[in-house]
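Okay, so here's the structure we're looking at.
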Amino acid sequence: MKGPGKRSLRAGLLALCGLGLLHVSLFTDLCLRYVKEGMRLPLVASGAVLLLLGIASAALDRTERTEEPHDHSGLPRVSWLLLLPALSLLFYAPPALGAYTAARQPAKIVVHDSDFDPLPATSPLPMTLSDFTSRVREDRGQAIKGRTIRMTGFVTPLPGTRDGEWDLTRIILNCCAADAQSVKVRVHGGPRLPADTWVTVTGTWHPGGRLGTKSAPVALDARTVTEVPRPSNGYQDALPLG
Amino acid sequence: MQNTGVLVEDGRPAAAGDEAGTPAPPRYWPVLLLGAAVVPGGALFLLGRWGDAPAVQAWRTVCLAVTVQALPFLLLGTALSGAINAFVPEGVFNRILPRRPALAVPVAGVAGVVLPGCECASVPVASSLIGRGVTPAAAFAFLLSAPAVNPVVLTATAIAFPGNPAMVLARLLASLATAVVMGWLWLRFGRAEWLRPVVRHTGHQHGHSRWDEFRRGFQHDFLHAGGFLVLGAMAAATFNVAVPRSVLDTFAGAPWLSVLFLAGLAVLLAVCSEADAFLAASLTGFPPVARLAFMVVGPMVDLKLIALQAGTFGRAFAVRFSAATVVVAVTCSALTGGMLL
């Protein structure tokens, strides 16, 4: 049976892989759940190459060359595993990493290298979670004291703690979702929301320890908590919109 | 019994189609396609029902992420290997490389600088180099050094460790030393029978179009290596989800233990060599030598690489070579780190 059937299978497998990659990178934003924005172009190119290979294989591999010792027409059995990611990308794409992953990691260690600039006067002040963390733990000038801050992230509930305490979270990638790290800000107050809900929180620093040193808690007393739509590229510590 | 009957019935018209010269699918392919469509979904559905659904989702996300991130690099590597196989005349590499294998090894190791990619690309390229007559020891030195010392990876390391150029230098030297030592070890102790005969890299055959040979070799290598990549990604995702990051900090105290622990972690995590510097930088509880070991071992040995090597060179080779590489890499990074960091 090692004949035309096997060749059409191979062509189909190559084309499916190509279509899967094109589907997540060119036609939709799904690839941003797995890799960084910069990988989009290589993914589109790879998808196109694989699709072309599949078409070429279907069109050109009509002549069998089985008499030769180096027979390229066989389909290695392990190749079937490629069907899993291809079909998964096309029909059953898993969601981006969220509260489950963040809850099982310690918070990423944020280090601020240069001096702190004075904070702008706007209120509430939009900030990233990393910025807030370094301001709380490293800014000896305590510029954040008494300021109203606004930050956006998703909800990671804390099991076993008092009501009204949860982690505002962002997951950050270096390369792909396998190396995800999370930045977290403990939020006191606000409604009890389900895990992975994206919210914008305004509030003030939750006092404790000595501000500007490692003893200060990276925490916020929430004044308002509003639900927001998930940003299309969730794996970055960006400023809140609006 | 009923199933067999259906298969036999299905088989007959297909065989008749073959005789008539028209392409007909083999009798088992609807079964395969149906199985491929239903079994993973069904298994995941049951898993999601039975187990911790977010855990399964995180596993699928990480598994897909490793695969998707690596595929463009794998494609680049297999295209390059197909091109070397079809377009480069036999003997070219032997004219460039020094005649004595003991000298060819360090030259090939340094030549790894030119392949700007991560580790997935280097396996098929090394395989096609052997097919083109390069001595295996030199090809393995290239295989180990290419993902670790190329400019992209060194730049990423410099960015991940700002104000610490010693780390970049240590990574470069330790990786090169490991690659060269492994090449020499192979010259001294390696046996040809551990290597699966690389039948498909036979080079250009007279009377065939080079482009056609390129395409066929390319697609065959990609399908083959891609399958093993998925296998490795599954293993890495399992570890990634099953072992929470907080466990790692318990090992940070003891210096020697932490070196061995981070080396082992590099094998299990299978992070791309372009990203591992950032991860190493984030493991702040560990001494610099341990983080160096993480960055030296990672691009040379990890779960997806072992799977790729087993597929390309054979299991007997992959097991011995990976085990020896871990030992040499840990030693080299401990020595280099002790001197520089």
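None of the figures in this text is laboratory data; all of them are computed from the coordinates on show. The structure displayed is predicted, hence computed values, not measured ones. No Cβ is skipped: glycine too gets one built from the backbone with ideal geometry, and neighbour counts run over all protein chains shown.
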Query raised in the report: Rounded, prolate or oblate: which one fits region A:142-181, using the alpha carbon gyration tensor with axes a ≥ b ≥ c (rounded when a/c is under 1.5, else prolate when a/b beats b/c, else oblate)?
Result: oblate
Query - Averaged over B:215-222, number of beta-carbon atoms from partner chains that fall within 10 Å - result: 6
Query raised in the report: Is the shape of the protein assembly as shown best called rounded, prolate or oblate, per the rule: a/c under 1.5 gives rounded, else a/b larger than b/c gives prolate, else oblate, with a ≥ b ≥ c the square roots of the Cα gyration tensor eigenvalues?
Result: oblate
Query - Cα gyration tensor, region B:79-136 - rounded (a/c under 1.5), prolate or oblate - result: oblate
Report summary line: If B:Ser175, B:Ser209 are placed from fewest to most neighbouring beta carbons inside 10 Å, the sequence is B:Ser209, B:Ser175
Query raised in the report: If you take every DSSP beta bridge whose two residues both sit in the protein assembly as shown, what share of them, in percent to the nearest 5, is antiparallel?
Result: 85
Query raised in the report: By a straight-distance test (C-alpha under 28 Å), which lysines pair with A:Lys6 as possible cross-link partners, with residues fewer than eight away in the same chain excluded?
Result: B:Lys304
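Could you tell me the relative contact order of region B:225-341? Use alpha-carbon pairs under 8 Å, at least six residues apart, and round to a whole percent. Let's see the in-between values first.
Numbers: 141 pairs, mean separation 38.7, N = 117.
Relative contact order, region B:225-341: 33 percent.
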Query - Which of A:Arg223, A:Arg135 has the fewest Cβ neighbours within 10 Å, and the rest in rising order - result: A:Arg223, A:Arg135
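Please compute the average number of Cβ atoms from other chains found within 10 Å of each residue's Cβ in peptide B:172-182. The partial results should precede the final answer.
Values: counts 0, 0, 0, 0, 0, 0, 0, 0, 0, 0, 0.
Rounded to a whole number, the mean comes out at 0.
Can you give the mean number of other chain Cβ atoms that lie within 10 Å of the Cβ atoms in peptide B:70-83? Numbers along the way, then the final one.
Numbers: counts 3, 11, 11, 2, 1, 9, 4, 0, 0, 2, 0, 0, 0, 0.
Across the residues of B:70-83, the mean count of other-chain Cβ atoms within 10 Å is 3.
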Report summary line: Expressed in angstrom and ordered largest first, the alpha-carbon extents of region A:100-227 along the principal axes are 36, 34, 26
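Please give the calculated 222 nm ellipticity per residue for the protein assembly as shown, where each DSSP H segment of at least 4 residues contributes -39500 (n - 2.57) and the sum is spread over every residue; nearest 500 deg cm²/dmol?
Working: 20 runs with 319 residues, N = 583.
Theoretical 222 nm ellipticity from helices: -18000 deg cm²/dmol.
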Query - Estimated FRET transfer efficiency (B:Ala323, A:Thr148; beta-carbon r; R0 56 Å; 0.05) - result: 0.45
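In percent, how large is the relative contact order of region A:193-242, given Cα pairs closer than 8 Å and 6 or more residues apart? If you can, show how the numbers build up before the last one.
Values: 52 pairs, mean separation 19.4, N = 50.
Relative contact order here is 39 percent.
Determine, for A:Lys6, A:Lys184, the number of other Cβ atoms within 10 Å of each Cβ, and report the residues in order from fewest to most. Please list the in-between numbers first.
Numbers: A:Lys6 18, A:Lys184 24.
Least crowded to most crowded, the residues run A:Lys6, A:Lys184.
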**Report entry** Top of A:Ser182, A:Ser134, A:Ser57 by mean-square fluctuation, Gaussian network on chain A, Cα under 10 Å
**Finding:** A:Ser57
Query raised in the report: Which helices of chain A meet both criteria: a Cα extent of 20 Å or more along the helical axis and a mean Kyte-Doolittle score no lower than 0.5, with helices taken as whole DSSP H segments?
Result: A:4-22, A:40-60
Query raised in the report: Taking Cα pairs under 8 Å and at least six residues apart, what relative contact order does region A:100-227 come out at, in percent?
Result: 28
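In nm², what is the average projected area of the convex hull enclosing the Cα atoms of chain A?
On the way: hull surface 70.0 nm².
Average of the hull's projected areas for chain A equals 17.5 nm².
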Report summary line: Taking only C-alpha positions in region A:178-224, Rg and Dmax in angstrom work out to 12.7, 35
Report summary line: Taking the alpha-carbon centre of each part, the distance from region A:29-55 to region A:79-120 in Å is 18
**Report entry** Fluctuation leader among A:Asp179, A:Asp115, A:Asp163 - chain A, Gaussian network, Cα springs under 10 angstrom
**Finding:** A:Asp115
